[in-house]
Amino acid sequence: MTGPTWKDRLSDAMPEHLAREIDVFEGQIELKKAGKLDDKIFAETRLRRGAYGQRYDNGMRNDGTGQQPLVFPTALTKGPDTMWDAPGMQRIKNPFGKVTAEQMDVMSDLADEYSDSILHVTTRQDIQLHFVHIEDCPDMHRRLAATGITTREACGNSVRNVTACEFSGVCSTEGFDVTPYADAVTQYFLGHPDVQDFGRKFKIAFSGCHDEPCGATTFHDLGAIAEVRDGKRGFRVVVGGGLGAVPVKAKVLSEFCEERELLPLAQAVCRVFARLGEKQSRARARIKFLVQKVGLEEFKKLVAEERSKLRDDPRWTAFLSDLSATDETPIRPGAPLATGDAAFQKWAETNLRPQSQDGYYVATIKMPLGDFTSTQGRVLADLAREYTGDTIRLTIEQNVALRWLSGADAYAFYQRLVDNGMGDAGARTITDIAACPGTDTCKLGISASRGLAGELRKRLKVIEDDLPPEVRALRIKASGCFNSCSQHHAADIGFLGVSRNVGGRKVPHFNVIVGGSFQKNAGEYGLVAGAVPSKAVPKAVEMITQKYTAEREGDESFHDFIERVGKGAIRKLLKPIAKAPAYEDDPSFYSDWRDPREYTIGDLGIGECAGEIVPFVEFGLQAAEQELYEAQELHEKKESAPAAGKAFAAMVTAAKALVRFLDVQCRDDADDVIAQFRTHLFDTKVFFDPYAKGKFANYLLKLHESRSFTNADDEIAHRTLDEAQLFIEAAHACYQRITEASADAAE
Amino acid sequence: MTNPNLAERVQLKFYATDHVPAMDLIPVFHKWITDKVIDDELMIDVADYSHVDKGPGVVLIGHASDYYYDLGEGRPGLKYSRKRGGNADATLNVADAFKRALTACVRLQKESGLSLAFSAQEALFSIQDRLHAPNDDATFDAFKATLEPIAKKALGDVTLTREGDARLGLTIRIRAQGAGSMEDAAARL
């Protein structure tokens, strides 16, 4: 006996083209199950539908005492080394974060039925559902399609979710509402042939103004900032920004691109990227590397040439005839802000922002670590229906915003939030911590960014009322690895997960990154002040914020404070807590936050051989870190070329430590160290990161070849410091892999 | 025409009487994976949502089913959730959910250092399948005959009440008249 299917039930509700695409995807699932589709092709196929892999999907689980095989029912795979039955993640694209009440209801239903009842807001205004099965995806897609959502190109090497400031259209500082433009770009590029042949993903962001952080255009592949000149609407267009391992600020492609030229300009950029972008090495395939490689002026020329070849497309400007199509209509009359109790006043101070329209407010609902339940999702849908209409927006700080809230309704609205566990005050403050999935679910996670963020949030909530205002205003972001998904470079205090070897055991650590700023569209990126054990991070936050309060001059911002005192001062401050205690003294340091498993592989032998070698190589790696620290000091003194040179020297020192660890003879000079490094660690792939492959080694080899550090300006010095930091981290990781392999062999 | 007896995604929650911080369950669930405590199921990971108010708490993620130390409704409890691989016979599928949920409760009660206890007087049963089992009276009536005998067998005399809004999957509150132990209830199945 068979029952109804979602395909039948929703056949009239889905747009025909979406229904057809989902049928095709379902057919590909069947082909894969029948062994008629290649692993790599299927992997890219599902990724382009937003169906990701998750940690442990290779069929192995770390128990803390060793690797345990996970024996799934079938040996079938859904990609290279990716088991068919392993839980995965479904990313749901919500262009510029907009969600209707109906969509919120349906996403909540999906979370109940196919996931674990949690909806997770990402830093790119998506929703992610975790622990889903690949075979449930087509029905999930159908149910989304029936509400107008497609997951197409939610992942894969294409144009990802187009993001925009959540205050677009209601903001008092914006040039104009960027929503219809973000919508037009989304529709235009979805499935467009010019964006199907990228070597990597392509992220586009819109911002309504230059000074606020909401659009974060500086770290996007393409950013558009609204401007009005001589009464004409247009955009300052920037290109080639990105975070990841080496953050790069986007550069100005056009000081003022008129609105009618926005789509063709973006298309020309995409065509240049598709044609000339790196395709072989994923590590260098983002557009930022292409812009760096050819130079900004040449890139502009290429784009202009490409633009001149494009044939007119009516879609470039069709949307301009009805820019009000994306407007929202309030359902309640605007009114002055209602009064309420003290808790409401506290919430209103941080979570309510007046709109440019009198009597209306944007309410930011703070979601811890970006998570909310399906029950809360339905409450949000109800609140939207009752108070604001379809005005829900997901934010890049992993919160949910409801716009067009009448001031008169604010207190009643707040009480409903409180009743449903969503009345937490402190949006956009130190307790509103962004975190990527990290080791919880991400295959690339090195440290438990969510565990850390959860712990920091819990501790800071207890003391938030006693914190000085300048400390309360700080932003914290935590990433589990160098891919920087929490956008930690742009935080006041950022954390980046790394691991360290202490006495033959792995210890989770976080690099502490200070000096970034989310203001001005994430206008400043921070630099590493040092690594501390994961369990020492709360103490680090306490020490840094106390120093800021004690030594702050006047109204000095945290960014300015760090500029003044220097990152070296923060490094010195953290030195007493930078070293993990011996395992025998405090084993808690050898597990990560909210994960009792020993971080190191428990059955790793601490043999005599390793015991003799460890101090030697660690000494070399520590020396490299010391040199990098000195490089940072030089950089702070604006001595760019010496700073870059010192950073390069630090990389050579780390490379030398590894080369000698392998018992290879080498001289002290860089040429010989690098020749030996290439032979014994690069060509053999021993240094290769499991995911980034030869990316970090290439930083050293290319620097050695180009000698770019000799005449480095500030930007090159900054980049070289970042690359050196990552190279040294990779050296630590390589050393750990070698010692583990030795221990296994000894066993 | 919907038919709740075709649905396999059933959930069953028993409420805690003495409850503990959700984070205390993290090491317990990891240990259950490592030691293969649930020996006939593949358990994979532990998800921590203890930071979410009235949320799923801490979840032991498996291939075919999940076990939650659930904080939903603001009432901690053990929630068993069948995701796939359920028995095609609805009666057997529901009985299996009772057996597994009760067994997990008994195991948690015995975990040293947890001080966790559950009540067999009340449970919340739901079907997370809105296609086959919408939350309406007709579906409730159609499913009662499947659920009631199993609930009675495990918990003694029971009353079943449908609750929750129409957007949910079929949701049924089970109230038992007796005050038997979780061990007794598990043994009766």
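General observations
- Check on residue A:279, modelled with pLDDT under 95, of a type outside the set (A, V, I, L, M, F, W, C), open to solvent by 40 Å² or more (accessible area, probe 1.4 Å) and outside any helix (DSSP H, G or I): yes
- Criterion applied to A:328, A:386 was being surrounded by fewer than 23 Cβ atoms within 10 Å (Cβ to Cβ), touching a strand residue (DSSP E or B) at 6+ places or on another chain (Cβ under 7 Å), closer than 16 Å to residue A:102 by Cα and of a type in the set (Asp, Glu), and the one residue passing it is A:328.
- Evaluation of residue A:64 against (1) open to solvent by 10 Å² or more (accessible area, probe 1.4 Å); (2) at positive phi; (3) within 14 Å of chain B (Cβ to nearest Cβ) (one fails), failing number: (1)
- Residues in the range A:677-695 that are over 14 Å from residue A:651 (Cβ atoms) and of a type outside the set (A, V, I, L, M, F, W, C): A:679, A:680, A:683, A:684, A:685, A:689, A:690, A:691, A:693, A:694.
- Condition met for residue A:169 (modelled with pLDDT of 95 or more and surrounded by fewer than 20 Cβ atoms within 10 Å (Cβ to Cβ)): no
- Taken over the range A:389-424, the residue count meeting the criterion of being within 14 Å of another protein chain (Cβ to nearest Cβ), more than 28 Å from residue A:162 (Cβ to Cβ) and open to solvent by less than 10 Å² (accessible area, probe 1.4 Å) is 1.
- For the range B:64-86, taking the residues that are more than 10 Å from chain A (Cβ to nearest Cβ) and of a type in the set (D, E, K, R), the one that is surrounded by the most Cβ atoms within 10 Å (Cβ to Cβ) is identified as B:82.
- Selected residue (only one of A:156, A:148 is in a loop (DSSP other than H, G, I, E, B) and more than 22 Å from the chain's Cα centre (by Cα)): A:148
- Only listed residue being open to solvent by less than 10 Å² (accessible area, probe 1.4 Å) and of a type in the set (Asp, Glu), chosen from A:371, A:358: A:371
- Of all the residues in the range A:682-702, those that are surrounded by fewer than 24 Cβ atoms within 10 Å (Cβ to Cβ) and in contact (Cβ under 8 Å) with a residue 12 or more places away in the chain number 10.
Residue by residue, here is whether (1) under 14 Å from residue A:415 (Cβ atoms); (2) of a type outside the set (Phe, Trp, Tyr); (3) assigned to a strand (DSSP E or B) holds:
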| site | (1), (2), (3) |
| --- | --- |
| A:336 | no, yes, no |
| A:339 | yes, yes, no |
| A:348 | yes, yes, no |
| A:353 | no, yes, yes |
| A:358 | no, yes, no |
| A:369 | no, yes, no |
| A:372 | no, no, yes |
| A:375 | no, yes, no |
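- Hits in the range B:10-20 (condition: of a type outside the set (Asp, Glu) and more than 14 Å from chain A (Cβ to nearest Cβ)): B:12, B:14, B:15, B:16, B:17, B:19, B:20
- Checked against the criteria, residue B:172 counts as among the aliphatic types (A, V, I, L, M), outside any helix (DSSP H, G or I) and buried (at least 16 other Cβ atoms within 10 Å of the Cβ).
- Residue list for the range A:71-96, filter: within 24 Å of the chain's Cα centre (by Cα) and within 13 Å of another protein chain (Cβ to nearest Cβ): A:86, A:87, A:88, A:89
- Hits in the range A:111-121 - residues which are over 24 Å from the mean Cα position of the chain (by Cα) and in contact (Cβ under 8 Å) with a residue 24 or more places away in the chain: A:112, A:114
- Among the residues making up the range A:179-227, a single one is closer than 17 Å to residue A:328 by Cβ and free of Cβ contacts under 8 Å to residues at least 60 places away in the same chain: A:208.
- Selection status of residue A:522, at negative phi and buried (at least 23 other Cβ atoms within 10 Å of the Cβ): no
- Filter pass, residue B:6 being over 23 Å from residue A:54 (Cβ atoms) and within 11 Å of chain A (Cβ to nearest Cβ): yes
- Among the residues listed as A:239, A:272, the single one being outside the structural domain of residue A:519 (by TED's automatic domain parsing) and over 24 Å from the mean Cα position of the chain (by Cα): A:272
- Only one entry in A:727, A:661 is open to solvent by less than 20 Å² (accessible area, probe 1.4 Å) and either of a type outside the set (Gly, Ala, Ser) or in contact with a Cys (Cβ under 6 Å, 6 or more places away or on another chain) (or both), namely A:727.
- Considering only residues in the range A:1-15 that are open to solvent by 70 Å² or more (accessible area, probe 1.4 Å) and within 10 Å of another protein chain (Cβ to nearest Cβ), the one that is farthest from the chain's Cα centre (by Cα) turns out to be A:1.
- Within the range A:290-305, being assigned to a helix (DSSP H, G or I) and either in contact with a Lys or Arg (Cβ under 8 Å, 6 or more places away or on another chain) or open to solvent by 20 Å² or more (accessible area, probe 1.4 Å) (or both) holds for A:291, A:292, A:293, A:294, A:296, A:297, A:298, A:300, A:301, A:302, A:304, A:305.
- When the range A:331-352 is filtered for residues that are of a type outside the set (A, V, I, L, M, F, W, C) and open to solvent by 50 Å² or more (accessible area, probe 1.4 Å), the ones remaining, listed by number, are A:332, A:333, A:336, A:339, A:341, A:345, A:346, A:349.
- Residue A:76 satisfies every condition listed in (1) open to solvent by less than 50 Å² (accessible area, probe 1.4 Å); (2) closer than 22 Å to residue A:691 by Cβ; (3) of a type in the set (A, V, I, L, M, F, W, C) except (2).
- Subset of the range B:21-63 [of a type in the set (D, E, K, R) and either outside any helix (DSSP H, G or I) or within 7 Å of chain A (Cβ to nearest Cβ) (or both)]: B:35, B:36, B:39, B:40, B:41, B:45, B:48, B:53, B:54
The values are calculated or read from the model by the stated rules, or taken from the named source; none is laboratory data. All values derive from a computational prediction rather than experimental measurement. Heads up, the Cβs are rebuilt from the backbone with ideal geometry, glycines too, and the neighbour counts pull from every protein chain shown. When the accessible area is computed, the model is the full protein with side chains, heavy atoms only, and any ligands, DNA or RNA have been set aside. Shrake-Rupley method; radii C 1.70, N 1.55, O 1.52, S 1.80 Å.
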